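Colleague: I'd like to ask some things about the structure below.
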Amino acid sequence: MAATHEEVDVVVIGMGPGGESLAGELAAAGLSVVGVEARLVGGECPYYGCIPSKMMIRASDAVAEAQRIPVLAGRCHVSADFTVVAKRIRDEATDNWDDTVAAERFTGKGGRLVRGTGRLLGPRKVAVTTHDGGELTFNARRAVVLNPGTSPSVPSIAGLEGTPFWTNREAVQAEEAPKSLMILGGGPIAVELAQAFARFGTNVTLVVRGPRLLSREEPEASEILGQVFHSEGIEVLYNSTITAVAHSSAGFNVDVTSAGGAVKKRSASKLLVAAGRTPALAGLDLPAAGITVVDTSAVDSHMQLAKGLYLIGDAAGGGPFTHMSMYQANIAAGHILGQDRGEAQSHAVPRVTFTDPEVGAVGLSEQQAREAGLDIRVGSAQVPGSTRGWIHKAGNEGFIKVIEDAKTGVLVGASSMGPHGGEVLSALVLAVHARIPVKTLRTMIYAYPTFHRAIEKAVASLK
C-alpha cells in the first residue's frame, strides 16, 4: 500500500489520559487533530491501572472493614467473593477491555483516530504503521505531541520468558483470586495488589530487593505497612530477588535468592512481576527529530522537547501518574492554542499508594531534602495518638510528617499515612504547592475531631 501524506494541525502519539485529554480539547477547538494509538484509547489507567485496581482495593477494604466489626460493633460473618469485583471491573470500568466509548468521545469532538504505531520522521512529521499493515504520513502544521507512557518492566530471570506470569495488566483481569501468589517487587503496584488479593483469601508472598517496602516513601511508612502486612498474613522476603522460574500445570516454582546468596525454593499458583515501569520511548525514533537524550530536564516549561514537539505523561519524567499527565497535557494544549496556562512545575507532585492504611506524599522526603543540602526542620504526629485516630481504633495506623525549609519557612515535603491518607494529603499539597508559610499553618483552625487535625500537631512539633 502506497504511503499517504496528509497535512494536519496536530498529531498526538499515544492516547493515554493526557494524550486523549489534549487531543480532544484541540479537536473541540477546531484544529485538525490525529490521535494515534496502538492499544486502547484511554491508556493504562482506565483499563489496567488506576481504575480497575482501585475497584479491587475498594472491595478488599470492605472485606477488611467488615472483619473489624467484632472490635467495634458486635459479631459478623464475612464470606469474600472475588468474582463480584471481577465482574464489576469488566462491566463498569473496562467494558471488557473495549475502548469504543473512549474512541467515540474523541472522534465526537472532531478528532481522527488512527489505530497503529507512530514514529517521528522529523520534529513535525510522523509516520504511522497501521494495524492493517499500511503506512500513513502526517505533516503537523502546529505540533506533534508524544505521550508514549510506560510498560511493565520485566527483569531477565532464568526460565521466566514464555511462562504465563502476570504483570498488573493480567492481575486486574483475573476472574478469581488465586490460591497463592508470589510477587516480585515492593513498590506501589506490588503492595496494593498484594493486600487486595490477600484479603480475598490468597496466600501472598512479596519478594523485595531492598530492606523495606515502598523505598521511595518515608521509612516510617515502610515500617508501618510491613507491620500491617505481617498482621494480615502477607509474607515479605526482604533483601531478596527471584533468580530462576519454572512453570507447570501445578503453578510456579521459583528460586528466591537473598543478598547473602542463600537460595530458597518456593512455589505459588501465580507469579506477579511488579518490578517498575519502563518509558515506551524506543519506537518513537527521537533521533529523527534531533532528540538524542530524554531525561527529566529534557522538556521546557511548556513540555516541549523542541519547537512544536511536545512530550507529556509518564515518559516525561515528572512522575508516572495520571494526574501528572493531565496537568502536563493542560499546559501543552494551552501553549499550542496560544493561551497562558502557566509553566510546568514539579515541586509539589502528589502521590498516593492505596493500601490500607493509605500512604500519601508530596514534594521531598526527609532524606531527599537532606541530600539536596537544605537546612530542614522535621515535625510529625502519630494518627493513633490523635482524637480521631483513637475514635477510629481498628485500622488506625499512620502518621503525618512535615519537612520545613528552615531558610524560607515553608514546607518542601510532607507525608500523610492513615485512614483516608490520600484525602488528608490535599491540605499538605496545597501548603507545599503554594509555599504557604509555616507560621500561617500554625495559626489555621483545624476541624475537630478529624484526621487532618494531626497536621496541626505535626507543624507544632517542627524542630
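Colleague: Where residues in region 1-56 are outside any helix (DSSP H, G or I) and of a type in the set (Asp, Glu), which of them is modelled with the lowest pLDDT?
Modeller: Glu6
Colleague: Would you be able to say whether some residue in region 337-354 is farther than 24 Å from Pro279 by Cα and of a type in the set (Val, Ile, Thr)?
Modeller: Within region 337-354 (the criterion being farther than 24 Å from Pro279 by Cα and of a type in the set (Val, Ile, Thr)), the answer is no, since none of the residues qualifies.
Colleague: Looking only at region 178-200, which residues are part of a loop (DSSP other than H, G, I, E, B) and touching a helix residue (DSSP H, G or I) at 6+ places or on another chain (Cβ under 8 Å)?
Modeller: If the condition is that a residue be part of a loop (DSSP other than H, G, I, E, B) and touching a helix residue (DSSP H, G or I) at 6+ places or on another chain (Cβ under 8 Å), then Pro178, Arg199, Phe200 are the ones that fit.
Colleague: Just a yes or no: is a residue in region 168-176 surrounded by 16 or more Cβ atoms within 10 Å (Cβ to Cβ), modelled with pLDDT under 95 and at negative phi?
Modeller: The answer is no, given that none of the residues of region 168-176 is surrounded by 16 or more Cβ atoms within 10 Å (Cβ to Cβ), modelled with pLDDT under 95 and at negative phi.
Colleague: Evaluate the following for Lys393: is it more than 27 Å from Gln67 (Cβ to Cβ), in contact (Cβ under 8 Å) with a residue 24 or more places away in the chain and of a type in the set (D, E, K, R)?
Modeller: No, not satisfied.
Colleague: Looking at region 435-455, I want the residues that are buried (at least 19 other Cβ atoms within 10 Å of the Cβ) and have a partner that is of a type in the set (S, T, N, Q) with Cβ atoms under 6 Å, at least 6 apart or on another chain. Which pairs are those?
Modeller: From region 435-455, the pairs are Ala454/Ser386.
Colleague: Could you go through region 156-164 and let me know if any residue there is touching a residue at least 24 places away in the same chain (Cβ under 8 Å), in contact with a strand residue (DSSP E or B) (Cβ under 7 Å, 6 or more places away or on another chain), surrounded by fewer than 23 Cβ atoms within 10 Å (Cβ to Cβ) and closer than 30 Å to Glu20 by Cβ.
Modeller: Checked region 156-164: no residue is touching a residue at least 24 places away in the same chain (Cβ under 8 Å), in contact with a strand residue (DSSP E or B) (Cβ under 7 Å, 6 or more places away or on another chain), surrounded by fewer than 23 Cβ atoms within 10 Å (Cβ to Cβ) and closer than 30 Å to Glu20 by Cβ.
Here is a yes/no grid of residues against (1) aliphatic (A, V, I, L, M); (2) part of a loop (DSSP other than H, G, I, E, B); (3) under 25 Å from the mean Cα position of the chain (by Cα); (4) farther than 30 Å from Gly30 by Cα:
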site: Gly118; (1), (2), (3), (4): no, no, yes, no
site: Val128; (1), (2), (3), (4): yes, no, no, no
site: Leu136; (1), (2), (3), (4): yes, no, no, no
site: Asn139; (1), (2), (3), (4): no, no, no, no
site: Pro148; (1), (2), (3), (4): no, yes, yes, no
site: Ser151; (1), (2), (3), (4): no, no, yes, yes
site: Val154; (1), (2), (3), (4): yes, yes, yes, yes
site: Glu170; (1), (2), (3), (4): no, no, yes, yes
site: Glu176; (1), (2), (3), (4): no, yes, yes, yes
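Colleague: Looking at region 327-339, can you tell me whether even one residue there is at pLDDT below 95 and under 15 Å from Leu22 (Cβ atoms)?
Modeller: For region 327-339, residues at pLDDT below 95 and under 15 Å from Leu22 (Cβ atoms): absent.
To keep it simple, each residue is scored yes or no on (1) within 30 Å of Leu22 (Cα to Cα); (2) surrounded by fewer than 19 Cβ atoms within 10 Å (Cβ to Cβ); (3) in contact (Cβ under 8 Å) with a residue 12 or more places away in the chain; (4) of a type in the set (Phe, Trp, Tyr).
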site: Gly42; (1), (2), (3), (4): yes, no, yes, no
site: Cys50; (1), (2), (3), (4): yes, yes, yes, no
site: Leu72; (1), (2), (3), (4): no, yes, yes, no
site: Arg75; (1), (2), (3), (4): no, yes, no, no
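Colleague: Within region 317-325, is even one residue surrounded by 17 or more Cβ atoms within 10 Å (Cβ to Cβ) and over 25 Å from Ser426 (Cα atoms)?
Modeller: no
Colleague: Only one of Leu411, Leu428 is in a strand (DSSP E or B), buried (at least 22 other Cβ atoms within 10 Å of the Cβ) and at pLDDT 95 or above. Can you tell me which?
Modeller: Leu411
Colleague: Here are some residues: Thr205, Thr241. Which one is over 21 Å from the mean Cα position of the chain (by Cα), under 28 Å from Val63 (Cα atoms), among the polar types (S, T, N, Q) and assigned to a strand (DSSP E or B)?
Modeller: That would be Thr205, the only listed residue that is over 21 Å from the mean Cα position of the chain (by Cα), under 28 Å from Val63 (Cα atoms), among the polar types (S, T, N, Q) and assigned to a strand (DSSP E or B).
Colleague: Listed residues Arg112, Arg90; which is over 30 Å from Thr241 (Cβ atoms), without any contact (Cβ under 8 Å) to a residue 12 or more places away in the chain and either in the same structural domain as Lys393 (by TED's automatic domain parsing) or of a type in the set (D, E, K, R) (or both)?
Modeller: Checking each option against the conditions leaves just Arg90.
Colleague: Let me ask something additional. Do the conditions hold for Ser269, that is, is it surrounded by 15 or more Cβ atoms within 10 Å (Cβ to Cβ) and farther than 25 Å from Ser215 by Cα?
Modeller: So Ser269 fits the description; yes.
Colleague: Next question. Please verify whether Val349 is buried (at least 22 other Cβ atoms within 10 Å of the Cβ), under 30 Å from Glu232 (Cβ atoms) and at pLDDT 95 or above, treating the condition exactly as stated.
Modeller: Spelling it out, it is not the case that Val349 is buried (at least 22 other Cβ atoms within 10 Å of the Cβ), under 30 Å from Glu232 (Cβ atoms) and at pLDDT 95 or above.
Colleague: I would also like to ask the following. Being buried (at least 18 other Cβ atoms within 10 Å of the Cβ) and part of a loop (DSSP other than H, G, I, E, B) is the requirement here; does Ala143 meet it?
Modeller: no
The values are calculated or read from the model by the stated rules, or taken from the named source; none is laboratory data. All figures in this text were calculated on a predicted structure; none of them were measured in a lab. Using ideal geometry, Cβ is built from the backbone for each residue, glycine included, and neighbour counts are taken over all protein chains shown.
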